[in-house]
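The values are calculated or read from the model by the stated rules, or taken from the named source; none is laboratory data. Since we're looking at a predicted model, the values are computed, not measured. Ideal geometry is used to build each Cβ from the backbone, glycine not excepted, and the neighbour counts take in all protein chains shown. Protein only, heavy atoms only, side chains kept; ligands, DNA and RNA dropped before computing areas. Shrake-Rupley method; radii C 1.70, N 1.55, O 1.52, S 1.80 Å.
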Amino acid sequence: MPDFIHIPVLLNETIDALDIKADGVYIDCTVGGGGHSLEIAKRLCFSGESGQARLLCLDRDKQALKAAGEKLSEFPIIFVNDNFANIKEQTARLEITGANGILMDLGVSSHQLDSAERGFSFHEDAPLDMRMGDEGISAYDVVNSYTPEDLTKILFLYGEEKFAKGIVNGIIKARGETPIATTNQLAEIIKNNVPLKVRREKNPCRKTFQAIRIEVNGEIESLKTALPDAFELLEKGGRLAVISFHSLEDRIVKTIFNGFCTGCICPPEFPVCVCQNKPKGRLVTKKPVTAAETELSANSRSRSAKLRVIEKL
């Protein structure tokens, strides 16, 4: 297993956008290797007259929590092994009633991709797993037991894969002969069921692996649950920062953020407002923040990263 090496994306942009207060309460919903949390912790005062600060770090990946705990050992940080979809329950348990800043760094981490045995990557052969935590269905279960209709739907929705039907036909045929047990087996099926031109231009496996990973970990459902709960937890003036890595996630974040910022929702034919709906937030980032050229050259995985930030009114 490789050392837990994690390069936090959009680090400076995210820390600046959170507008950290020394005595504030902050939550890192996906601590990963602890890169973002380390910079947050450095700016907090945990002791002394203004020592009111608290930092809660969540992650469903126990390896990530262990690595973050070592990196942040000098700070009195609370670590919790859980899915950020349960942020409401965990903050209630810890008697955290409000937060000045919350961060969500979505998707799969560099360490998870580089840990071949976990089955996230199509570059290394490994058992089909892709679970960020220890429980629930694995990629093996999805690939070998889902109906053709469900597999096609997943690849269309979560991978935006236009060759989904052909890939699924290949999966069904292959698993009818023997279970698809490894990443290499799945990758070969994908490559053999897309046009030759696609195989020549780029690796055709990315979208399918992404789609299956999202399904295995319930990432979209978790995000749709966590965003409203996190926003509700914010204090007035508190900020929620979300880093996404593909268009499906980014659209969800954008839509939900815009909903928080929407005022009157009365039908346009109404002469006066009767709904009394007021905006609950304002967009700190009108457009998503992306990586600068210096970061792109140092970390290619930052290329697809988009940061959106909202402030609670």
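On a 0 to 90° scale, report how tilted helix 62-71 is relative to the longest principal axis of the chain, with both axes built from alpha carbons and the result rounded to the nearest 10. Value to nearest ten degrees: 50. The alpha carbon centroids of the range 135-212 and the range 222-292 are separated by 34 Å.
Plainly put, the range 228-306 has a radius of gyration that is 1.11 times its Kirkwood radius, both from alpha-carbon atoms, as the Rg/Rh ratio. Solvent exposure of the range 201-313, expressed per residue, is 51 Å² of accessible area, with all protein chains present and a 1.4 angstrom probe.
Over the range 185-313, with every protein chain in place, what whole percent of the accessible area is carbon and sulfur at 1.4 Å, could you tell me? Heavy-atom surface of the range 185-313 belonging to carbon and sulfur, 1.4 Å probe: 53 percent. Across the options V198, T152, A211, the greatest Cα extent toward the positive end of the charge dipole of the range 151-215 (unit charges at beta carbon of Lys, Arg, Asp, Glu) belongs to V198.
Within the shell of other residues whose beta carbon sits under 14 angstrom from the beta carbon of F75, the net charge comes to 0, with Lys and Arg scored +1 and Asp and Glu -1.
With unit charges on the beta carbons (Lys and Arg positive, Asp and Glu negative) and the dipole taken about the Cα centre of the range 24-176, which residue among L128, F163, F79 sits farthest to the positive side? Result: F163. Surface analysis of the range 8-76 yields an accessible area of 42 Å² per residue, using protein heavy atoms and a 1.4 Å probe.
The fraction of all Cα pairs in the range 126-239 landing in successive 5 Å bins from 0 to the largest distance is 2, 12, 20, 22, 16, 10, 6, 5, 4, 3, 1, 0, given as whole percents. Applying a threshold of 29 Å to the alpha-carbon distances of K202/K286; K42/K62; K62/K207 flags K202/K286 as lying beyond it.
The residues of the range 118-191 have, on average, 50 Å² of accessible surface per residue, using a 1.4 Å probe with all protein chains present. Overall, the accessible surface of the range 25-151 at a probe of 1.4 angstrom is composed of carbon and sulfur to the extent of 46 percent.
Start at zero, step by 5 Å, and the Cα-Cα distances of the range 6-137 spread as 2, 10, 20, 21, 20, 13, 7, 4, 2, 1, 0 percent across the bins.
In a reduced charge model with +1 at each Lys and Arg Cβ and -1 at each Asp and Glu Cβ, the chain shows a dipole moment near 1080 debye about its Cα centre. By the equivalent-ellipsoid construction on the alpha carbon gyration tensor, the range 263-313 comes out with semi-axes of 39, 11, 7 Å, ordered largest to smallest. For the range 183-199, backbone phi angles converted through the Karplus equation (6.51, -1.76, 1.60; θ = phi - 60°) give residue-by-residue couplings of 5, 5, 4, 5, 4, 5, 4, 4, 4, 7, 10, 10, x, 4, 4, 5, 5 Hz, Gly and Pro being listed as x. Looking at the chain, the DSSP beta bridges with both ends there are about 40 percent antiparallel. Using bins of 10 Å that start at zero, the share of Cα-Cα pairs per bin across the chain amounts to 6, 25, 31, 22, 12, 4, 0, in whole %.
For the chain, the longest principal axis of the C-alpha atoms and the axis of helix 206-217 are separated by about 60°. Electrostatic tally near G133: other residues with Cβ closer than 13 Å to its Cβ, Lys and Arg +1, Asp and Glu -1, net -2.
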